[in-house]
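Take a look at the structure below.
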Protein chains: 2
Amino acid sequence: MRVEVWGDINCPWCYIGKARFEQALAGFEHRADVEVVHRSFELDPRASRAARPLIPLLAAKYGLSLEQAEAAEARIAENARGEGLPYLSEGRDAANSFDMHRLLHFAKDQGRQAELLDVLYRANFADERSAFAAGRLVELAVEAGLDGEAAAAVLADPEAYADAVREDEATASAMGATGVPFFVLDRRLGVSGAQPVETFARALEQAWESRLPAPLIPVGGGDAEACGPDGCELPQQ
Amino acid sequence: MRVEVWGDINCPWCYIGKARFEQALAGFEHRADVEVVHRSFELDPRASRAARPLIPLLAAKYGLSLEQAEAAEARIAENARGEGLPYLSEGRDAANSFDMHRLLHFAKDQGRQAELLDVLYRANFADERSAFAAGRLVELAVEAGLDGEAAAAVLADPEAYADAVREDEATASAMGATGVPFFVLDRRLGVSGAQPVETFARALEQAWESRLPAPLIPVGGGDAEACGPDGCELPQQ
């Protein structure tokens, strides 16, 4: 069974929803048979690449006072801490996340995506040092078990894994997702938002029970060479 | 798009079918968006773990004379060479492939499955040294870029990735596969056997054209916290 999770490192409800989903997964009987894949979704593809303080950015973007933006962040922080997640509600900054998504696709190829995703969320939401500081992504890649030089090469080439990010975003759009987190189970069931743990648990059970694949549409004839219980190609006897 | 390929390292038509599929994939416009996954299928789960000469084994198993078994192997070798694949039709041996499949699942976790699959097929079909010799699998794992100690630890623990192998086999069985190679595109299209390159090309085109996902079944309400174009949780204004 495969669960694809669309999210952005800049998205606090993705960070919180991930923890809730993982709690449901930890209690799921067939968890060893569940593959979890991160899919890219940029909340703000036009965000500046230069890191800026988050609160004034939110205030300007959504027409809030600084106090309102701070209050919103404080409420999110409370939710995060309720899930046992560290969360700095002050002093964080934000920037374009495209490079993070490219790096997550590289990490997928290296079998280290889950590790890097954890490291990136923690770095963005809970670390006094900015995840967007120069050179920081390479450090974080190494922390996730990736080769630093290879990660630096991916980051230095703006086209590396760029199409993979865009393809994820096009798929999300084709499935009707307008926000994140967005969880898709075996491309059949969808869960939108940071739902309660029980909802994720129900979705996992439901996907598991209905996981028997629909009949396949055959392409090509049934007479191609194959090996089976009676052996491979046998001589005419 | 995802192509899952059920096969066994002991299956010559899997080795040949893989080459034909890869030729079709190399000519496929959207190849960068195709993920290929190996799935386990043991042709003979009851095969002995001790390596034995292949020709007498085939003869005994399928009630052939040694000459008939040799002729069958020679015909397969001709097909393999026709695809540019090295193939030893004499002197090879065979044994249980369960450990190879477990190792392929470990390699998947490490982002090295495709590399290991190539190495294993070559070792089994084209190398004078037996792929089933003691210690050989660890050498082959290292050749595929895996950590030798970690690979040895997986091989030493008979339960490591054993359920993943069995789950693949159960899925193949649920989809009606009785032989391999068996190719499944996005769990919608199926291609059985070492079909011609053109059949694989047609299957890829057909899967691509029909890849827009079916509507998802939503689980949970539509009101869970999420981040979208209008921001994350906003204060009541």
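The values are calculated or read from the model by the stated rules, or taken from the named source; none is laboratory data. These numbers come from a predicted model, not from an experiment. Neighbour counts run over all protein chains shown; Cβ positions are idealised from the backbone, glycine included. Ligands, DNA and RNA are excluded from the accessible area calculation, which covers all protein heavy atoms including side chains. Shrake-Rupley method; radii C 1.70, N 1.55, O 1.52, S 1.80 Å.
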_Just the residues that are in a loop (DSSP other than H, G, I, E, B) and within 10 Å of another protein chain (Cβ to nearest Cβ), please, taken from the stretch A:27-49._
A:30, A:41, A:43, A:44
*List every residue pair whose Cβ atoms sit under 8 Å apart, with the two residues 6 or more apart in sequence or on different chains, where the first one lies in the stretch B:73-88 and is closer than 8 Å to residue B:12 by Cβ and the second, anywhere, is of a type in the set (Lys, Arg).*
B:87/B:81
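Among the residues of the stretch A:141-155, is there at least one that is open to solvent by less than 30 Å² (accessible area, probe 1.4 Å), more than 30 Å from residue B:173 (Cβ to Cβ), within 12 Å of chain B (Cβ to nearest Cβ) and in contact with a Lys or Arg (Cβ under 9 Å, 6 or more places away or on another chain)?
yes
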*Would you call residue A:203 in a helix (DSSP H, G or I), modelled with pLDDT of 95 or more, open to solvent by less than 40 Å² (accessible area, probe 1.4 Å) and at the interface with chain B (Cβ under 9 Å from one of its Cβ atoms)?*
yes
*What do you reckon, is residue B:211 assigned to a loop (DSSP other than H, G, I, E, B), more than 8 Å from chain A (Cβ to nearest Cβ) and open to solvent by 50 Å² or more (accessible area, probe 1.4 Å)?*
yes
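Conditions tested, residue by residue: (1) within 14 Å of chain A (Cβ to nearest Cβ); (2) surrounded by 17 or more Cβ atoms within 10 Å (Cβ to Cβ).
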{"residue": "B:72", "(1), (2)": "yes, yes"}
{"residue": "B:82", "(1), (2)": "yes, no"}
{"residue": "B:88", "(1), (2)": "no, no"}
{"residue": "B:95", "(1), (2)": "no, yes"}
{"residue": "B:99", "(1), (2)": "no, yes"}
*Please identify the pairs in which a residue from the stretch B:219-237 that is surrounded by 11 or more Cβ atoms within 10 Å (Cβ to Cβ) has its Cβ atom under 7 Å from the Cβ atom of a residue that is at pLDDT below 80, counting only partners at least 6 apart or on another chain.*
B:225/B:233
*asked:* Among the listed residues B:95, B:47, B:71, B:59, identify the single one that is more than 29 Å from residue B:197 (Cα to Cα) and over 20 Å from the mean Cα position of the chain (by Cα).
replied: B:59
*State which residue is surrounded by the most Cβ atoms within 10 Å (Cβ to Cβ) when the search covers only the stretch B:1-26 and only residues that are under 16 Å from the mean Cα position of the chain (by Cα), small (Gly, Ala, Ser) and assigned to a helix (DSSP H, G or I).*
B:17
*Return a yes/no flag: does the stretch B:161-178 have any residue that is within 8 Å of chain A (Cβ to nearest Cβ) and touching a strand residue (DSSP E or B) at 6+ places or on another chain (Cβ under 6 Å).*
yes
*asked:* Exactly one of these conditions fails for residue A:172: (1) closer than 29 Å to residue B:222 by Cα; (2) open to solvent by 40 Å² or more (accessible area, probe 1.4 Å). Give me its number.
replied: (2)
*Has the stretch B:55-62 got at least one residue that is of a type in the set (D, E, K, R), open to solvent by less than 60 Å² (accessible area, probe 1.4 Å) and touching an Asp or Glu at 6+ places or on another chain (Cβ under 9 Å)?*
no
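Specify which of the listed residues (B:60, B:69, B:114) is touching a helix residue (DSSP H, G or I) at 6+ places or on another chain (Cβ under 6 Å) and assigned to a helix (DSSP H, G or I). Break it down into steps so the answer makes sense when it comes.
Numbers: B:60 fails: touching a helix residue (DSSP H, G or I) at 6+ places or on another chain (Cβ under 6 Å); B:114 fails: touching a helix residue (DSSP H, G or I) at 6+ places or on another chain (Cβ under 6 Å).
Among B:60, B:69, B:114, only B:69 is touching a helix residue (DSSP H, G or I) at 6+ places or on another chain (Cβ under 6 Å) and assigned to a helix (DSSP H, G or I).
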*So how many residues does the stretch B:110-138 have that are surrounded by fewer than 16 Cβ atoms within 10 Å (Cβ to Cβ) and without any contact (Cβ under 8 Å) to a residue 12 or more places away in the chain?*
3
